[in-house]
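Notes follow once the structure below has been shown.
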Amino acid sequence: MTKAPLRVAIIIASTREGRFGPTVGDWFAEQARQREDLIVDVVDVADEPPPSALGAKASERFARVTATLREADAFVVVTCEYNHSFPGTLKNLIDTHFHEWRAKPVAFVSYGGLAGGLRAVEHLRAVFAELHAVTVRDTVSFHSPWNWFGGDGRPNDPEGASAAAKGMLDQLAWWGHALRDARAVRPYGS
Ligand SMILES: Cc1cc2nc3c(=O)[nH]c(=O)nc-3n(C[C@H](O)[C@H](O)[C@H](O)COP(=O)(O)O)c2cc1C
């Protein structure tokens, strides 16, 4: 059993021009970086979309993303909602990896219209179950985030938003430690 900080990869899913994703993602990464029990990496899917076909030759930059995912003990996916689901670019990132997700926890920060991106999160739970990942119960969710975040990139209700982030990260850290310890004792699966 090790108490060493957990390495958490925060994945920013949306890639569209003018996207709101980095505002939410940067705020959340700042929350995570304040914790001494976490080491934070950010993977922005917009930096370089994954190869569009499974098995396509990955670039050096994409290989670095793969290494970041492999080294992570836990993940936080920052996702919006498009047409009641999550962005296709995120699905491509998920599908171009397999072992990187296995026996690790995944938590979600979501945003969107009135549903706050929660329908995207429910779809992601099913996808990550297929990949042998466990999803964390609590979600940090913002409906119509453009009404929540000021021009300084901070939420209008910083205490409430920070409390939600802390609760979710506490759950992620519990799972992250439990599964990292378990993977060290015996390899996952048959
Ligand atoms: C193509 C498209 C489809 C959308 N569909 C939904 C939806 O089904 N439900 C919802 O709550 N919001 C929906 N929205 C609103 C987005 O969740 C919102 O604009 C969000 O900011 C998008 O994330 P992004 O700015 O990082 O790209 C949609 C937006 C776009 C552009």
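The values are calculated or read from the model by the stated rules, or taken from the named source; none is laboratory data. All figures in this text were calculated on a predicted structure; none of them were measured in a lab. For neighbour counting, all protein chains shown are included, and Cβ atoms are generated from backbone atoms with ideal geometry for every residue, glycine included.
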Of the residues in segment 119-143, those that are of a type in the set (A, V, I, L, M, F, W, C) and in contact with a Gly (Cβ under 9 Å, 6 or more places away or on another chain) number 3
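Kindly indicate which of Phe28, Phe128, Phe75 is part of a helix (DSSP H, G or I) and away from the ligand (no atom under 16 Å from the Cβ). Spell out how you get there, then give the answer.
Details: Phe28 fails: away from the ligand (no atom under 16 Å from the Cβ); Phe75 fails: part of a helix (DSSP H, G or I).
Only one candidate qualifies: Phe128.
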When (1) more than 13 Å from the chain's Cα centre (by Cα); (2) buried (at least 19 other Cβ atoms within 10 Å of the Cβ) are applied to Ala107, the one that fails is (1)
Output the residues belonging to segment 150-171 that are touching a Pro at 6+ places or on another chain (Cβ under 9 Å) and modelled with pLDDT of 95 or more. Ala161, Ser162, Gln171
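Determine which member of the set Ala129, Ala165, Ala133 is within 15 Å of the chain's Cα centre (by Cα) and loosely packed, with under 14 Cβ neighbours inside 10 Å. Can you show your working first?
Working: Ala165 fails: loosely packed, with under 14 Cβ neighbours inside 10 Å; Ala133 fails: loosely packed, with under 14 Cβ neighbours inside 10 Å.
Being within 15 Å of the chain's Cα centre (by Cα) and loosely packed, with under 14 Cβ neighbours inside 10 Å holds for just one of Ala129, Ala165, Ala133, which is Ala129.
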What pairs can you find where one residue is in segment 143-168 and farther than 20 Å from Cys80 by Cβ, the other is part of a helix (DSSP H, G or I) and of a type in the set (Ser, Thr, Tyr), and their Cβ atoms are less than 9 Å apart, with a gap of 6+ or different chains? none
Determine whether segment 114-129 contains at least one residue that is touching a residue at least 60 places away in the same chain (Cβ under 8 Å) and on the phi > 0 side of the Ramachandran plot. no
